[in-house]
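Below is one structure; the comments refer to it alone.
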Amino acid sequence: MGDKFRYQDFGHSHWHNSLIWGENLENISILGTGIINGKGLTREGDPRYRKQLPGTGNKAISLKLCRNVIIRDISMLFGGHFAILATGVDNFTIDNLKIDTNRDGIDVDCCNNVRISNCTVNSPWDDAICLKSSFALGYAHTTENVTITNCQVSGFDRGTLFNGTYKRDEANLVPDKGGPTGRIKFGTESNGGFKNIAISNCNFVFCRGLALESVDGALLEDVTITNITMRDIINAPIFLRLGARMRGPEKYTDW
C-alpha cells in the first residue's frame, strides 16, 4: 500500500471490497423499493480481516470519483463498516433511504454538490450521516455544497428500526462503552475541510448529538443548522472540536 493509506482509516482506502462498487462512472442510479442485506459483511476496517478472510467485504455500496449519482428509495440492513461510502463523488443525490446498520450509515468524503434528504438512518455502533474530507484520494479535497434535510438519525439496537421494535437493550454493548452513536458528524478525517453545508429539519433520537470536528488542519466554514429536534441524547447535544491531530502530509496540515 502507498504512503497515502496511513492518513485515514483502512476502510476509507479501499472501495472494491463491497457488495456494490463503482469507480470513475457517470450518470448512474440505484433505485427501487428493494432491500440490500449485508449480513455477511464485516464491521471492522482492520487490514487483518483481509488476511484472515480473503474475499470478505466490509461495505454495502462504495463509489469513488463518480459524477451524477442518484440513490433513492432503497432499504439497507447491516451494511458492514459503511453502508454507503462515497469518495470524490460530485452531483450526488441520496433520497428516501432506510438504513439500519452496524457501523457507519452514510459517509460523504471529499464530495461536492451533495443532497441527502428524507432518510432514516439507525447506526448504534457508529455515525449515521458523516461528512469527511480525508486524504483517501491522495490529495486534500474539500467536502462542499452539501444539504442534509428531513432526516432522522438514531441509535436503537441493530435491526430494530427495520423491524419496528426500536429496542435499546444493546446500549451498553457499544464498542466504546459510551452508549449508542447514531449522530450527524463532520470529521474526524478533515484534511480538505468543509464549506457551504446546510442541515435542516432533522430529528436525533436516542443517540449522540451533532458533532463538528476539524482535527487535521483544515477549515470548517459557512455551516448553517436549523430546525433540529433531539430526544434522549446520551451526551452533549452539540459537540465542537478544533484539534491538532494533523493526520496527513505536512504540506496539507500546516495551514
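Just so you know, all these numbers are worked out from the coordinates, no wet-lab data involved. Since we're looking at a predicted model, the values are computed, not measured. No Cβ is skipped: glycine too gets one built from the backbone with ideal geometry, and neighbour counts run over all protein chains shown.
To check my understanding: the extent here is largest minus smallest coordinate of the Cα atoms along each principal axis. What are those three numbers for the stretch 139-255, in Å, largest first?
Answer, in whole Å and largest first: 49, 30, 22 Å.
Given Cα pairs under 8 Å that are at least 6 residues apart, what percent is the relative contact order of the chain?
Dividing the mean separation by the residue count of the chain yields 14 percent.
Report, to two decimal places, the Cα Rg of the stretch 64-165 normalised by 2.2 N^0.38 Å (N = number of residues).
1.03
Arrange the following residues from fewest to most other Cβ atoms within 10 Å of their Cβ: 246, 230.
246, 230
Could you calculate the FRET efficiency of residue 93 with residue 219 from 1/(1 + (r/R0)^6), where r is the beta carbon distance between them and R0 is 30 Å, rounded to 0.05?
0.75
How much of the pair distance distribution for the stretch 3-253 lies past 35 Å, counting alpha-carbon pairs only, in percent?
6
Check each of the chymotrypsin sites (Phe, Trp or Tyr not before Pro) in the stretch 103-141 and keep only those in coil by DSSP with at most 14 other C-beta atoms within 10 angstrom; list them in order.
139
Which residues make up the longest stretch of the chain clear of trypsin sites (Lys or Arg not before Pro) that lie in a DSSP loop with no more than 11 other Cβ atoms within 10 Å, not counting the sites?
Formally, the longest exposed-site-free interval is 40-176.
Based on other C-beta atoms within 10 Å, arrange 223, 205, 69, 121 from fewest to most.
Ordered from fewest to most neighbouring Cβ atoms within 10 Å, 223, 205, 69, 121 come out as 223, 205, 69, 121.
With 20 Å as the limit, write out which pairs from 132/177; 39/177; 98/167; 98/185; 59/195; 39/185 have Cα-Cα distances beyond it, or answer none.
Pairs exceeding the cut-off: 132/177; 39/177; 59/195; 39/185.
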